[in-house]
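Written out below as structure tokens is the structure these notes cover.
The values are calculated or read from the model by the stated rules, or taken from the named source; none is laboratory data. Note that this is a predicted model, so its numbers are computed, not measured. No Cβ is skipped: glycine too gets one built from the backbone with ideal geometry, and neighbour counts run over all protein chains shown. Calculation scope for accessible area: heavy atoms of the full protein, side chains included, ligands and nucleic acids excluded. Shrake-Rupley method; radii C 1.70, N 1.55, O 1.52, S 1.80 Å.
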Amino acid sequence: MDLRGGSLLRADGGFLIMYAIEALSEQGVWRALKRTLNHNRLEIQPLEVFYPFTATALKPEPVEINVKVILIGDRDLYEVLYEYEEDFQKIFKVRVEFDEEMPMTDGVIEEYAGRLRALSEKENLFPFDRGAFAAILEYGVRRAGRRNKVTARFVDIADLAREAHYASAAAGENVVRAAHVRSAIASKMERHNLVETRIREMIEEKTLLVDVSGDCVGQVNGLSVLEIGGYSFGKPVRITASAALGKAGLINIERESNLSGRFHDKGVHIIAGYLRSCFAKDKPLSLAASICFEQSYSGVDGDSASSTEVYALLSATLRVSASPGHRRHRLAESKGDIQAIGGVNEKIEGFFDVCRILGLTGSQGVLIPASNVEDLMLREDVLDAVSSGKFHIWPVARIEEGIELLTGHAAGHRNGDGSFEDKTVFGKVDRRLIEMARMMKEFD
């Protein structure tokens, strides 16, 4: 007679909230849950159904039940159940997605402050002054990735608050201040940045070749983001291009080596379309050009380096040097518009760290899409370097703007007769391509 009602029976007439992964991982739970919700009858199954060698137990009559079940899970698990579990679509008909970001409003800021105070009272943390709260809020904004948003994952904020409390206690204070929050963030980064540190050492030792000063023909620096165990950091990579007479068109060396992902392949095709739309309206492109990500052996994906590759190609075609500048842009299809990218803060900070290690000259900087300006939430040391003129951030909206910044010459536009303006980069490239087309015809 030792029968006790489980969660479903205790929730009769109300709601039962449970994690989907637990319902699937516990033996027999998912099947029993489906049967109960399909028939609105709760039936206690004897243990021998799941464990055949146990003693026979009592089997009470089914109980009529009226309960609504809310499953919590991630999007991937939902898609798997929706696709392969037929009963799932019939039982769980209402889907609600919770955003991980919230708009930065006065109400949200008050809610953040209230949650932080409740956490302090519950766990006996030191009180947070205004500066500490501002630093925590800034951390939440950075996690969201945009200045008008803040993360809704308060579990991460709570972890930071606990570490800041520990830093305050270690300093012998009884109030958490902004310096303690920044110390907690720095300590967390130090625990996770072993790979980043090793990469910086390899760059400093010239094992990884990255130029941060001077001019080069057909060479620029792109910026990538690596994520390891939830920790993201920026890493510069050298991108080189070569151009010669031929009919091969644009060759993606990464693809030829089976190291290119689909999105990077798409980006290269966009570059080819852009070059055709700009320079092949009145002549064929008699060009054999190649693009290479140097010292990259684990694969390349994403199309956010498209404009960077365009700069390298134009430099190689014209044999005009460009500042090794450091940029990461996504190129709009054949139009020359620069689209937004992801991880802009990590990319800027990653290149700044490399420049600081190799020596800041005052001429170094990063080109970013103008549409990413609202995403900037940079570290204090980067902001100080920018304000003092030791480091630069140039937002650009068009390919032409980037070319002018890198070469120091006007990009150029077409005249009324369809030709490019004289003494401009595009004009020189166009004349060079006309010469190559004539040479190719004579060679044939």
By per-residue mean of other Cβ atoms within 10 Å, what is the highest-first order of 11-23, 402-414, 386-398? 402-414, 386-398, 11-23
Read phi for every residue in the range 100-111 and hand back ³J(HN,Hα) as whole Hz from Karplus 6.51 cos²θ - 1.76 cosθ + 1.60, θ = phi - 60°, with x for Gly and Pro. 8, 10, 10, x, 7, 10, 4, x, 5, 4, 5, 5
What residue among Ile271, Ile44, Ile228 shows peak mean-square fluctuation when the chain is described by a Gaussian network model with Cα springs under 10 Å? Ile44
I'd like the distance separating the alpha-carbon centroids of the range 165-218 and the range 115-133, in whole Å. 26 Å
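Going from the alpha-carbon gyration tensor of the range 349-436, what semi-axes, largest first and in whole Å, does one get by taking the root of 5 times each eigenvalue?
Over the Cα atoms of the range 349-436, the semi-axes work out to 34, 15, 10 Å.
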How much of the accessible area of the chain, probe 1.4 Å, is carbon plus sulfur, in whole percent? 52 percent
Give, as a single signed number, the net charge of other residues whose beta carbon lies under 14 Å from the beta carbon of Ser286, with Lys and Arg counted +1 and Asp and Glu -1. +2
Could you do me a favour and compute the accessible area per residue for the chain, 1.4 Å probe, result in Å²? 55 Å²
Springs between alpha-carbon atoms under 10 Å, Gaussian network over the chain: tell me which of Gly359, Gly418, Gly222 tops the mean-square fluctuations. Gly418
Helix-only mean residue ellipticity at 222 nm, the chain, DSSP H runs n ≥ 4 weighted -39,500 (n - 2.57), per residue, nearest 500. What is it? -14000 deg cm²/dmol
Going Cα to Cα from Lys390, which lysines come in below 22 Å? Please leave out same-chain ones fewer than 8 positions away. Lys235, Lys347
Below 16 Å, Cα to Cα, which lysines can Lys93 reach? Residues fewer than 8 away in the same chain don't count. Lys34, Lys68
Nonlocal amide H pairs with Ile393, under 5 Å, H built at 1.01 Å: Val366
